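Notes for the one structure printed next.
Values in this text are rule-based calculations from the coordinates and carry no lab data. None of these values were measured; they are calculated from a predicted model. Because the Cβ atoms are built from the backbone with ideal geometry, glycine has one as well, and the counts that use them run over all protein chains shown.
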Amino acid sequence: MDEQLMLRLISEAYDNGARKISFHGMGEPCLCKKLSDYVGVAKNKGYTYIYLDTNGALAAPEVIFPVIDEGLDSLKFSIHAATSETYKKITNNDVFHQVRDNFIKVSEYINEKNINCKLIGYFAESIINCDEVEDFKSIFEPYASELWINPIHNASGTKLDNSDFSTNVNIASTKKLPCAELDRMIINWEGKAIACSTDWSGSLIYGDANISSLKELWNCEEILKTRKEHENIELLNNICKKCAEV
Ligand code: SF4
């Protein structure tokens, strides 16, 4: 995201009452060279909870320790495997050991320095990895503040056609309405306001923070309509229909 836009959004969201902020969603935060600066700016502004999701591959000490030092409150590694083979099958990358080592180094760092930053290991269970849950626990539990092991979510319906994920209906969860995604504001890297962090197609974009204030976006007609649909459990023809429990 453009730096000026990022700084404006951190400030404007706080001034409108936001107290939690995250620098992720539809992207990998460790790719951002100014990540630690942004966490520091948010902390100084007064945010009480700053959190990040990463796939962990780039969360090496030189990248992530400065971010933690700036006041990060919670760091979640999305891992989803207990072996290199399964990790590669899911992510198409052969970096499971790198991710595991980064996780362990972060754990040791926050413990040694007595830093109050929660470290979470996340595992979305699917037909591909369901037999690795216990191994995942034994590898990561000794280092984690928490492990989150949940059925994979058929986010915005995008996995419906993927037999690897959909053949076992017992481990694909649906969203309850009104969907919690609508309780927060998501701005993507281009500055577009988007209703859902899993809307890869951009079909739920409802405005642009480059030309509108956050207050205008939060109250714009399109997002109000989407919220109303969720409250009334009457979804019209949008992607929510594919992943929600109706
Ligand atoms: S119900 Fe809609 S907003 Fe919620 S996760 Fe699904 S697509 Fe996204």
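Neighbours of Asn44, meaning other residues whose beta-carbon lies under 15 angstrom from its beta-carbon, give a summed charge of -1 when Lys and Arg score +1 and Asp and Glu score -1.
For the chain, what's the relative contact order in percent, using C-alpha pairs closer than 8 Å and at least 6 residues apart? Value for the chain: 16 percent. In this simple spin-label approximation, Glu112 and Thr83 carry label points 7 Å from Cα along the Cα→Cβ vector, and these lie 3.3 nm apart. In the chain, with Lys and Arg counted as +1 and Asp and Glu as -1 at Cβ, which of these residues, Phe103, Trp189, Ala81, has the Cα nearest the positive end of the dipole, that is, farthest along it? My answer, from the dipole projection, is Trp189. In this structure, the amide hydrogen of Lys192, modeled 1.01 Å from its nitrogen in the peptide plane, lies closer than 5 angstrom to those of Ala209, counting only residues at least 5 positions away or on a different chain. Rounded to the nearest 20 debye, the dipole size of region 1-137 about its Cα centre is 380 debye, using +1 on the Cβ of Lys and Arg and -1 on the Cβ of Asp and Glu. Of the residues Leu72, Thr48, Ala60, the one whose Cα sits farthest toward the positive end of the charge dipole of region 47-101, with +1 on the Cβ of Lys and Arg and -1 on the Cβ of Asp and Glu, is Ala60. Amide hydrogen proximity for Ile205: with H placed 1.01 Å from N in the peptide plane, the residues at 5 or more positions away or on another chain lying under 5 Å are Ala195.
In region 10-83, Cα pairs under 8 Å separated by at least six residues give a relative contact order of 35 percent.
Near Gly56: Cβ cut-off under 12 Å, other residues only, Lys/Arg at +1 and Asp/Glu at -1. The net charge is 0.
Under 22 Å Cα to Cα from Lys113, which lysines show up? Leave out anything in the same chain fewer than 8 places away. Partners found: Lys43, Lys76, Lys105.
Using a 10 angstrom Cβ neighbour count of at most 14 plus a DSSP loop assignment to flag exposed trypsin sites (Lys or Arg not before Pro), which longest range of the chain is free of such sites? It runs 35-112.
Straight-line cross-link partners of Lys33 among the aspartates and glutamates, defined as a Cα under 13 Å from its Cα and at least 8 positions apart when in the same chain: Asp2, Glu3, Glu62.
Here the gap between Ser212 and Val41, fully extended at 0.36 nm per residue and compared with their Cα-Cα distance, gives a gain of 59.4 nm.
Measuring r between the beta carbons of Glu222 and Lys176 and using R0 = 35 Å, the FRET efficiency lands at 0.95.
Among the chymotrypsin sites (Phe, Trp or Tyr not before Pro) in region 176-230, those placed in a DSSP loop whose Cβ has at most 16 other Cβ atoms within 10 Å are Trp189, Trp200.
Beta bridges per DSSP, both residues in the chain: antiparallel share near 20 percent.
Under the rule a/c < 1.5 gives rounded, and otherwise a/b versus b/c splits prolate from oblate, where does the chain land using the Cα gyration tensor? It comes out oblate by the Cα gyration axes.
Put in order of Cβ neighbour count within 10 Å, fewest first, the listed residues Thr48, Thr91, Thr174 become Thr48, Thr174, Thr91.
Counting only lysines at least 8 places from Lys45 when in the same chain, those with an alpha carbon closer than 16 Å to its own are Lys20. Where does the charge balance sit around Asp183 when Lys and Arg score +1, Asp and Glu -1, over other residues with C-beta under 14 Å from its C-beta? Every neighbour counted, the sum reads +4. For the pair region 213-243 / region 125-139, the C-alpha centres are spaced 35 Å from each other.
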